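The values are calculated or read from the model by the stated rules, or taken from the named source; none is laboratory data. Remember, it's a predicted structure, so these values are computed and weren't measured experimentally. Here the Cβ positions follow ideal geometry from the backbone for every residue, glycine too, while neighbour counts run over all protein chains shown. To get the accessible areas, we keep the full protein, side chains included, count just its heavy atoms, and leave off ligands, DNA and RNA. Shrake-Rupley method; radii C 1.70, N 1.55, O 1.52, S 1.80 Å.
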Amino acid sequence: MPMQMNADMPSPTPFGETRPYTSRLSGLHRMPLEERIALVASLAGLDAADIAAMTGQGADALDRANASIENALGVVGLPLGIGTNLIVNGRDVLVPMAIEEPSVVAALSNGALLVREAGGVQASADASEMIGQIQIYDLDDPVAARARLLDHQDALLALANGTMPGMVSRGGGARDLQVRLIDTAMGTTLVVHLTVDVCDAMGANVVNSVAEALAPACERLTGGHVGLRVLSNLATQRLARATCRVPAARLASDSLEAEQAIRAFLAAQALADADPYRAATHNKGIMNGIDAVALATGNDWRAIEAGAHAWAARSGVYKPLSTWVRDPDGDLLGSIELPLTVGTQGGATRAHAVAPVALKIMRVQRAQELAEIMAAVGLVQNLAALRALTTEGIQRGHMRLHARQVALAAGAEGPEANDLVERLIAGGAISLSRAQALLKELRGE
């Protein structure tokens with residue numbers, strides 16, 4: 001069927017032609033993908049190489065992108081690597097990680113090796129219970145309105161379960177309903193918290209739908225106005241946690257004896273506990289690993305990040321997500337706890353071509369098991385980062401991997417990339433301009 005052009009929509013132009021730059025592209029989403037790409041190319045002055053960079057993932061990837069998001073143009077690919085050496089709850093786990101940062105996969109593998117001989121990581125996760133919020137304001141008597149909602153708790157839970165028969169049949173569904181009184185700039189507001197067991201799904205869509213369905217009943221019972229009805233990404237009933245032990249002798253290095261290394265770890269922990277500036281970077285190292293696994297498995301890393309950082313600030317002061325202490329035997333003990341809203345069923349975990357493969361590599365079927373592995377990855381990632389920081393410093397460990405990225409960015413190919421990396425490291429200054437100059441020397445240009 002020919003595309004119906006909106007009067008405000010610019011018509012596509014032949015490839016290579018340009019038109020005045022504008023963001024007013026009404027109806028762009030109705031254009032076929034090829035015409036949309038051609039139009040944006042004409043507006044932005046893209047050449048054939050630019051188009052190839054966006055669309056080079058292949059026809060299947062482009063079709064998936066076009067079906068997944070509005071105004072798709074192409075696919076941004078990320079390297080997919082495998083973290084090794086990890087043991088979680090007595091089971092070996094290969095960890096797929098999608099990330100562009102050079103050292104993250106290597107850091108996980110090295111950190112996992114440090115704890116492997118002590119049994120690896122022990123982890124657990126709560127049931128997959130998400131919280132849906134319904135905001136009610138403009139109330140004459142908020143206290144009485146809250147009482148009416150609680151008096152009808154059973155009926156509201158039954159109404160909620162009636163909207164998700166599939167989830168209920170799988171053993172999930174509405175579990176609890178609580179009502180909070182919150183003082184806001186617009187007066188006292190009621191917030192209904194509906195707890196829903198979403199089984200092996202991440203759960204955002206089902207929780208949002210249930211909150212929408214309950215809104216009219218909440219409005220009738222309270223006489224107020226319903227505002228927001230949406231899930232909360234602070235999933236305090238969906239926590240995952242992990243612990244590990246690192247033998248003191250494994251922390252020794254050329255520059256530090258075991259006791260010095262332990263003290264360096266404890267000093268780093270003390271600073272993160274006392275200083276939000278350090279805590280933010282401490283936690284970023286944790287999320288390096290967790291986000292990479294989330295991306296590989298088609299999970300919403302943005303929701304995970306929001307929940308993790310809100311959890312880190314729950315005391316009113318931003319704190320580290322992990323803790324490192326010395327045990328009575330002198331070894332290092334690490335622990336972590338954070339909300340992890342992940343799924344193995346539904347949503348992007350099935351729409352994304354790589355996600356089912358990543359889950360297969362990990363031999364994971366249940367959302368709770370995936371959350372356990374991700375908590376373990378975060379803790380081990382933190383271990384590796386702290387060890388690098390407290391021994392040789394972060395740059396030494398990053399240098400070779402960073403140099404390879406710069407060499408590739410400069411245009412090095414095949415064996416010459418290895419030669420260029422060695423020259424960059426030998427010179428001590430790793431920059432794109434220097435890599436380009438050295439590459440010209442290697443090629444005799």
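When the residues of segment 233-263 are filtered to those that are hydrophobic (A, V, I, L, M, F, W, C) and in a loop (DSSP other than H, G, I, E, B), the one that is farthest from the chain's Cα centre (by Cα) is L256. Would you check if P165 is closer than 27 Å to T341 by Cβ, free of Cβ contacts under 8 Å to residues at least 40 places away in the same chain and either of a type outside the set (A, V, I, L, M) or open to solvent by 50 Å² or more (accessible area, probe 1.4 Å) (or both)? In short, yes. The set of residues in segment 21-39 that are open to solvent by 30 Å² or more (accessible area, probe 1.4 Å) and part of a helix (DSSP H, G or I) comprises H29, R30, E34, E35. For T18, are the conditions met, namely being open to solvent by 50 Å² or more (accessible area, probe 1.4 Å), more than 30 Å from A125 (Cβ to Cβ) and either of a type in the set (V, I, T) or modelled with pLDDT of 90 or more (or both)? Yes; evaluated as a whole, the condition is true for this residue. Checked against (1) open to solvent by 30 Å² or more (accessible area, probe 1.4 Å); (2) touching a residue at least 24 places away in the same chain (Cβ under 8 Å), D141 passes all but condition (2).
Close Cβ contacts (under 8 Å, 6 or more residues apart or on different chains) running from residues in segment 313-330 that are within 20 Å of R278 (Cβ to Cβ) to residues that are open to solvent by 20 Å² or more (accessible area, probe 1.4 Å) and aromatic (F, W, Y) comprise L321/W311.
Only a single item in (1) open to solvent by 20 Å² or more (accessible area, probe 1.4 Å); (2) within 20 Å of the chain's Cα centre (by Cα) is not met by A123, and it is number (1).
Can you pull out every residue in segment 57-84 that is assigned to a loop (DSSP other than H, G, I, E, B) and exposed (fewer than 12 other Cβ atoms within 10 Å of the Cβ)? Selection gives G58, I69, E70, V76.
Yes/no matrix, rows are residues, columns are (1) in a loop (DSSP other than H, G, I, E, B); (2) touching a residue at least 24 places away in the same chain (Cβ under 8 Å); (3) under 17 Å from the mean Cα position of the chain (by Cα):
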{"residue": "D273", "(1), (2), (3)": "no, yes, no"}
{"residue": "H282", "(1), (2), (3)": "no, yes, yes"}
{"residue": "M287", "(1), (2), (3)": "no, yes, yes"}
{"residue": "V293", "(1), (2), (3)": "no, yes, yes"}
{"residue": "N299", "(1), (2), (3)": "yes, yes, yes"}
{"residue": "R302", "(1), (2), (3)": "no, no, yes"}
{"residue": "H309", "(1), (2), (3)": "no, yes, yes"}
{"residue": "G334", "(1), (2), (3)": "no, yes, no"}
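For first residues located in segment 78-99 and free of Cβ contacts under 8 Å to residues at least 24 places away in the same chain and under 21 Å from V354 (Cα atoms), partners that are among the charged types (D, E, K, R) and surrounded by fewer than 19 Cβ atoms within 10 Å (Cβ to Cβ) and lie 6+ apart or on another chain with Cβ distances below 7 Å form the pairs P79/E100.
Would you say G171 is touching a strand residue (DSSP E or B) at 6+ places or on another chain (Cβ under 8 Å), exposed (fewer than 14 other Cβ atoms within 10 Å of the Cβ) and under 24 Å from G346 (Cβ atoms)? Against the criterion (touching a strand residue (DSSP E or B) at 6+ places or on another chain (Cβ under 8 Å), exposed (fewer than 14 other Cβ atoms within 10 Å of the Cβ) and under 24 Å from G346 (Cβ atoms)), G171 qualifies.
Any chance segment 228-249 includes a residue that's touching a Lys or Arg at 6+ places or on another chain (Cβ under 9 Å), more than 30 Å from A127 (Cα to Cα) and surrounded by 17 or more Cβ atoms within 10 Å (Cβ to Cβ)? Yes: segment 228-249 contains one or more residues that are touching a Lys or Arg at 6+ places or on another chain (Cβ under 9 Å), more than 30 Å from A127 (Cα to Cα) and surrounded by 17 or more Cβ atoms within 10 Å (Cβ to Cβ). Taken over segment 85-120, the criterion of being buried (at least 19 other Cβ atoms within 10 Å of the Cβ), farther than 25 Å from K360 by Cβ and among the small types (G, A, S) is satisfied by S103 alone. Out of curiosity, is L338 touching a residue at least 60 places away in the same chain (Cβ under 8 Å), touching a helix residue (DSSP H, G or I) at 6+ places or on another chain (Cβ under 9 Å), surrounded by 24 or more Cβ atoms within 10 Å (Cβ to Cβ) and assigned to a strand (DSSP E or B)? Yes; evaluated as a whole, the condition is true for this residue. The residue that is nearest to the chain's Cα centre (by Cα), counting only those in segment 200-211 that are in a helix (DSSP H, G or I) and small (G, A, S), is A204. Of all residues assigned to segment 186-193, none qualifies as being closer than 14 Å to L157 by Cα, surrounded by fewer than 22 Cβ atoms within 10 Å (Cβ to Cβ) and of a type in the set (A, V, I, L, M).
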